[in-house]
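Contents: one structure, followed by commentary.
Where a number appears in this text, it was derived from the coordinates with a stated rule and is not lab data. These numbers were taken from a predicted model, which means no experiment stands behind them. Every residue, glycine as well, gets a Cβ built from its backbone with ideal geometry; the counts of neighbours run over all protein chains shown.
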């Protein structure tokens, strides 16, 4: 499949979207530039290449407007299809000379295998359209009269789509006037030329003729009119309201509204939205005087169906959208303005007790952390120096060391040496903070940990950005959701995002702006903290648009695919570090866009996904990931998206700080840990209990490759996130030198142990 996809993209000379589905033949969606290839079995490589080359020909040379004109002028679809296939296959073989051999070999194999069901048949009994079709499918000794050969030669000389259309008109007129060219039915299953009044010859009396804009071109037989059925409005909606409990039968149905094929599943017809569109096939010609169809089309379609691998899954394809960051990111200045206006009104109405008390606590936290941060900055610089020295190299200079010259009789090493230290890389940090309701009980401790990282990055001049990811921000200040317009020029298959990034902190902020933001966030966090409101003042209500929502982690990862490369470039960063701080699994992404044409107008809709067979594609890199490679757990989408992000920036550290502790104690339980750690990482109940104990003792549990991240740091919550570190000495007690040394050592160790975010970030960077 990968080989065929790459071949199609290279030949089409554009980044067309290549998908694989359980459908009888290859199809090309001109509007959405999507090549749909069947999932074949027992098919040779040369035949697969033929099908691919044919559809690439449509991608290159069949314009969208062509089939509009066919419909408007009531031209026989069947005639146009045969002639257009001749034109584009000739063009493919002229452009790619190696294709000549493929076409010859593949069609010979198909003919020998009775793909067109011509073996043992008298070809002279076929109608003119069939014979022209077989002639250009490399069938030998196809009989034509002298008068008919003129049309064969004309078919071979078409250059433009207009040439095809004009020739189709002329050929239809010729067939009307020459009954001998209509042929005879080869057998009871074959189709013949029939006039409109003969109901037995009408393939689809109910074919929807409202639209032809989204035409699909099929190979090798294009007459699928009997598969075209009217669909209900509910079917046209793409099933966006389907629940997670959708049955397996529904799961196996066609999932791409943007491709107009209809599939037969479990004996029933399944139609997508564009199935109502007139297809580039032998369908009903509406008000045309006659319908011309071909027995070879019918036979090839039936045999193509037999080549399908019906045991293969129906994959759901989705693409990473190009995100409009101006709509997704809420800048720091806007957030500060919202906070300032809202909290100043609260202060005016409810008094300043809560304002002053939280500001006092924050200033104390900053003062207490100042020495700890300085200590960790010094430790950071020492680690960097030690690492640089360990990687240093020494070489001889070629200059005599005069201090060693007197040892020439017994020492051969008389040359001076120079030690080269490797250059330090410029590091950068982007942190994504889970801004969900479940974070409320741990938000105070999380804020304190976050503030320490900000202070540290300021001291070490590491460029950074901090974003809270949420799905309820509204520009008008209300509480609600708005997912429209987050993707730029979205295409069919692009995932629908439901996220905003609140840019809380940036290395580009002024210190006063940072201080104001810290106070506002600290007031917001303490609204859910256990306090004595009689002395501390009643907590201020946070701005509605900045309230805690749910967990659009997957959406944030998609945003990171555009945001992180831009950050790295703008800041001149050599080594990126990306941190996701969360306390739970992500919301699933449930929908993708569908783009279709109706009544001459391009429209869009949303279609549900997520029933087990997703394939995600990053159009900017061409990388694809398949759900089946990432297990069946709740976090499979997260793992898939992290894999695409890692492929896009392979040298970047992607880290998860997971606050797992719950309850009043903040300790991590067995169930808390089990929800985070993959099943294959823990072999026994006893092993898990030891991990729980270690996490609660050390205030962190390090899990390599946890949940798709490079490393996951599992943290306890509540008081365990507290950074207070005091000298453990009692008043009135005399301590000896050893006891004092241990007490000071414990306090120094606590400066790092109680700051797991900063401590582990330093280890990562140093």
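For this structure, a couple of remarks:
- Pairs of Cα atoms farther than 16 Å apart, the stretch 311-371, %: 72
- Computed with the Debye formula from one identical point scatterer per Cα of the stretch 575-657, without solvent, the log10 of I(q)/I(0) at q = 0.13, 0.17, 0.18, 0.22 Å⁻¹ comes to -0.55, -0.84, -0.91, -1.16.
- Spin-label model, residue 368/residue 312: points 7 Å from Cα along the beta carbon direction are separated by 6.2 nm.
- Cα extents of the stretch 505-615 along the three principal axes, largest first (Å): 66, 40, 32
- Our estimate of slack between residue 180 and residue 156, defined as 0.36 nm per intervening residue step minus the Cα-Cα distance, is 6.4 nm.
- Hydrodynamic analysis of the stretch 554-618 uses the Kirkwood radius over alpha carbon pairs. Inserted into Stokes-Einstein at 20 °C and 1.002 mPa s, it gives a translational diffusion coefficient of 139 µm²/s.
- FRET efficiency for residue 711 and residue 533, using Cβ-Cβ distance with R0 set to 35 Å, rounded to 0.05: 0.30
- Note on the stretch 82-191: Cα Rg divided by 2.2 N^0.38 Å, N the number of residues, gives 1.10.
- Label-point gap, in nm, between residue 426 and residue 173 - each point 7 angstrom along Cα→Cβ: 7.2
- FRET efficiency for residue 305 and residue 602, using Cβ-Cβ distance with R0 set to 30 Å, rounded to 0.05: 0.45
- DSSP bridge orientation in the stretch 10-150 - percent antiparallel, rounded to nearest 5: 40
- With a Förster radius of 30 Å applied to the C-beta separation of residue 623 and residue 43, the computed FRET efficiency comes to 0.65.
- When you restrict to C-alpha pairs under 8 Å that are six or more residues apart and normalise by the size of the stretch 514-630, the relative contact order lands at 14 percent.
- Prolate/oblate/rounded label for the stretch 33-108 (Cα gyration tensor, a/c 1.5): prolate
- Here the spin labels are modelled as points 7 Å beyond Cα on the Cα-Cβ line, and at residue 353 and residue 488 they lie 5.1 nm apart.
- Considering all different alpha carbon pairs of the stretch 450-573, the Kirkwood hydrodynamic radius works out to 16.9 Å.
- Linear extension gain, residue 333 paired with residue 686, 0.36 nm per residue minus alpha-carbon span: 122.0 nm
- Value of relative contact order over the stretch 15-125, rounded to a whole percent, pairs C-alpha under 8 Å and six or more apart: 22
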